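In what follows, a single structure is set out as structure tokens and then discussed.
The values are calculated or read from the model by the stated rules, or taken from the named source; none is laboratory data. Source: prediction; values computed, not measured. In this analysis, Cβ positions are derived from the backbone assuming ideal geometry, glycine residues included, and neighbour counts consider all displayed protein chains. The accessibility values were calculated without ligands, DNA or RNA, using every heavy atom of the protein model including side chains. Shrake-Rupley method; radii C 1.70, N 1.55, O 1.52, S 1.80 Å.
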Amino acid sequence: MPSNAEFKFEVVKTLGVVSEGKNGWKKELNLVSWSNRPAKYDIREWNEDHTQMRKGITLTDEEIAVLKEILDEIDL
């Protein structure tokens, strides 16, 4: 893949904001479609208008279900 290939994504739905940094970037849980594929759960930092992002993690339906089970077991 060429290094200048266009990177396509669409934030289909914002599910929630986990935190906000002093710089205005927000760590969010969203449903994101990458390269016109079905949307997946995604946790990463975004600028205000979702035109820039930082490294994050993308999870399938199955993975987010397992993560939810793990989090439900944590005593906070």
remark   = Reported set for the range 53-63 where residues are aliphatic (A, V, I, L, M) and surrounded by 14 or more Cβ atoms within 10 Å (Cβ to Cβ) is Met53, Leu59
note = Within the range 22-52, residues being open to solvent by 50 Å² or more (accessible area, probe 1.4 Å), more than 17 Å from Phe7 (Cα to Cα) and either among the basic types (Lys, Arg) or in a loop (DSSP other than H, G, I, E, B) (or both) number 5
ask   = So Ser19 fits all but one of (1) small (Gly, Ala, Ser); (2) in a loop (DSSP other than H, G, I, E, B); (3) without any contact (Cβ under 8 Å) to a residue 24 or more places away in the chain; what number is the exception?
value = (2)
Selection from the range 53-75 of residues that are assigned to a loop (DSSP other than H, G, I, E, B), over 16 Å from Lys13 (Cα atoms) and at pLDDT 95 or above = Arg54, Lys55, Gly56, Ile74
